[in-house]
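Here's the structure, in structure tokens; my notes come after.
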Amino acid sequence: AAAGPKIEAPLLRGAASTRRAGSPAGLAAAGAHQPAPGGGHYWPQKLGGPSSSNAVTFAASANFSAPAWIWPNVHDDCSGFFSTLIDADMNVYINAGGWDSAQGEQIRKLDADGQVLWTFGRPSVAVGAAPALYGDSLFVFLRDPLNGHCMELFSLALSTGIVEWSRRYPEYRWSGEEPSILVDNGTVFFGAARNVPVGTDTIIAVSSSNGDLMWEYEADEIMWNFKPSTPGDGTVVFASSCGAVYRLGRNGELLWRAGNHHNLTFCTPGGGALGPNGVFYAEYREVPMLGPTPEAPGTMWQGGPTDTLDAYRVSDGSLLWRRHLPYRAAQYPAVGYLGPNGPLAVVAPLGDNPNAPSDNADDAAMLKLVGGSLRNMVVAMDAATGETLWTWEDDGWYISSYGAGEALPHAPVDGAASCWPDAQ
């Protein structure tokens, strides 16, 4: 891929250069790569694109013996990572950093050889949602933790990182989870919290040309790690954390709603994905989220009677099929073809959620309540019928929070851990 001009924002002068390592057969292989589908970007948004299906139509490298290159994280930026994006020229966009640092959280553009081309950020400000590539622009939400998490949307020129326009939305509050921007058909969709302390309950649509408000819709459910889907016709489809599904029209009107009502309850970090067959798949469980204690396992572990995958026809919201799932259903599914000649499948990751950091005695007591270990599974189902195609189950694991020692390097700087990974 051709490298553009080297541009360095004033906030991050002297950024370390990238160190190449191992075989060049990875992302930056040998100067030639398959064109991005439809002439667009390879990975423009979190979960892959407007359908949020995680499906790809191109082959990635199968050689993982060594990295093609390494970006040295010299500032030890450990917070704020969202989905990495890849544009049509194989440039990579990452964000990292601490909002309370001098430079704040940063968006960095790296070329196909791992060289930093430009950075963007603001002091003491955090990235508030997974960014999105659209045309020749990158859309980024910043939030100000020192000013009520006020939200500001930026449109950046891909070539330079220069701000094309920005717009503040003081009437909306950041949702407190890890939401994503959806951009399609000249519209930017994002979520905010209005009637709940955390999570998305309000969906907003603004113009991708200048950020002008087009419409808003206030839902009666909580969405978590909000990432809606669109069939490309100006409508938007999304699922709540408890399995309710909505389709909104071009003007924000409700076209249909499916599923039960849960009175703004938070159940899981699950959601939905749109397939190329015009079917929307929602993965969920209808049990309020409750963490484990040494006395009770809570609802983040073990399967239950409401662990479900639903398939809805997008055109009218009719339920096509429903599958009960064997383990905790709490993630966004993927929809795509299993190989060049394979069937269209919906793939559901299942299993237990990492818990908050705890001491060894509490870990042992909590794991004993669920049989001594935690479980994970992946189930692939026929997208038309819900019939199981295959399953894969991981070995049981025994640490309820996260990798041993992960908190130790950051504890002196970050203090006590207050956040841990979702199942997603």
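The values are calculated or read from the model by the stated rules, or taken from the named source; none is laboratory data. Keep in mind that what you see is a predicted model, and the values were worked out from it rather than measured. We place every Cβ from the backbone using ideal geometry, glycine too, and count neighbours over all the protein chains shown.
A few remarks follow.
- Picking from residues in segment 346-373 that are hydrophobic (A, V, I, L, M, F, W, C) and under 16 Å from residue 331 (Cα atoms), the one that is surrounded by the fewest Cβ atoms within 10 Å (Cβ to Cβ) is 347.
- If the condition is being hydrophobic (A, V, I, L, M, F, W, C) and in contact (Cβ under 8 Å) with a residue 60 or more places away in the chain, then segment 231-248 contributes 237, 245.
One line per residue, one yes/no per condition, for (1) in a loop (DSSP other than H, G, I, E, B); (2) in contact with a strand residue (DSSP E or B) (Cβ under 6 Å, 6 or more places away or on another chain); (3) closer than 16 Å to residue 202 by Cβ:
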residue	(1), (2), (3)
220	no, no, yes
226	yes, yes, yes
243	yes, yes, no
257	no, yes, yes
280	no, yes, no
283	no, yes, no
288	yes, no, no
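- Within the set 175, 159, the sole residue that is among the polar types (S, T, N, Q), part of a loop (DSSP other than H, G, I, E, B) and within 23 Å of residue 266 (Cα to Cα) turns out to be 175.
- Condition met for residue 157 (hydrophobic (A, V, I, L, M, F, W, C), free of Cβ contacts under 8 Å to residues at least 40 places away in the same chain and farther than 19 Å from residue 41 by Cα): no
- Subset tally (residues that are among the polar types (S, T, N, Q) and out of contact with any strand residue (DSSP E or B) (no Cβ under 7 Å at 6 or more places or on another chain)) for segment 159-203: 2
- Selected residue (only one of 290, 320, 374 is more than 20 Å from the chain's Cα centre (by Cα), under 24 Å from residue 229 (Cα atoms) and of a type outside the set (Lys, Arg)): 320
- Evaluation of residue 325 against the conditions (1) among the aliphatic types (A, V, I, L, M); (2) over 20 Å from the mean Cα position of the chain (by Cα); (3) within 23 Å of residue 180 (Cα to Cα); (4) surrounded by 20 or more Cβ atoms within 10 Å (Cβ to Cβ) shows that the sole unmet condition is (3).
- The residues on offer are 254, 248, and the sole one that is surrounded by 24 or more Cβ atoms within 10 Å (Cβ to Cβ) and farther than 22 Å from residue 352 by Cβ is 248.
- Across segment 167-186, a minimum of one residue is classified as touching a residue at least 40 places away in the same chain (Cβ under 8 Å), of a type in the set (A, V, I, L, M, F, W, C), within 20 Å of residue 122 (Cβ to Cβ) and out of contact with any helix residue (DSSP H, G or I) (no Cβ under 6 Å at 6 or more places or on another chain).
- Residue tally, condition more than 16 Å from the chain's Cα centre (by Cα), under 19 Å from residue 73 (Cβ atoms) and at pLDDT 90 or above, over segment 113-148: 8
- In segment 189-230, the residues that are touching a residue at least 60 places away in the same chain (Cβ under 8 Å), crowded, with 19+ Cβ neighbours inside 10 Å and farther than 23 Å from residue 142 by Cβ: 229, 230
- Close pairs (9 angstrom Cβ cut-off, 6 or more residues apart or separate chains): under 13 Å from residue 393 (Cβ atoms) and modelled with pLDDT of 90 or more in segment 368-380, outside any loop (DSSP other than H, G, I, E, B) and of a type in the set (Lys, Arg) anywhere: 379/323
- Per-region count, segment 32-82, residues of a type in the set (Ser, Thr, Tyr) and at pLDDT below 90: 3
- Among the residues examined, residue 180 qualifies as within 21 Å of residue 49 (Cα to Cα), among the small types (Gly, Ala, Ser) and in contact with a Leu (Cβ under 9 Å, 6 or more places away or on another chain).
- Residues in segment 83-112 that are touching a Pro at 6+ places or on another chain (Cβ under 7 Å), within 17 Å of residue 134 (Cβ to Cβ) and of a type in the set (A, V, I, L, M, F, W, C) were compared, and the one that is modelled with the lowest pLDDT is 107.
- Candidate set: segment 268-299, residues that are under 17 Å from residue 348 (Cα atoms) and of a type in the set (A, V, I, L, M, F, W, C); chosen: the one surrounded by the fewest Cβ atoms within 10 Å (Cβ to Cβ): 279
- Top-ranked residue of segment 119-154 - restricted to ones that are among the β-branched types (Val, Ile, Thr) and in contact with a Phe, Trp or Tyr (Cβ under 7 Å, 6 or more places away or on another chain), ranked as nearest to residue 43 (Cα to Cα): 140
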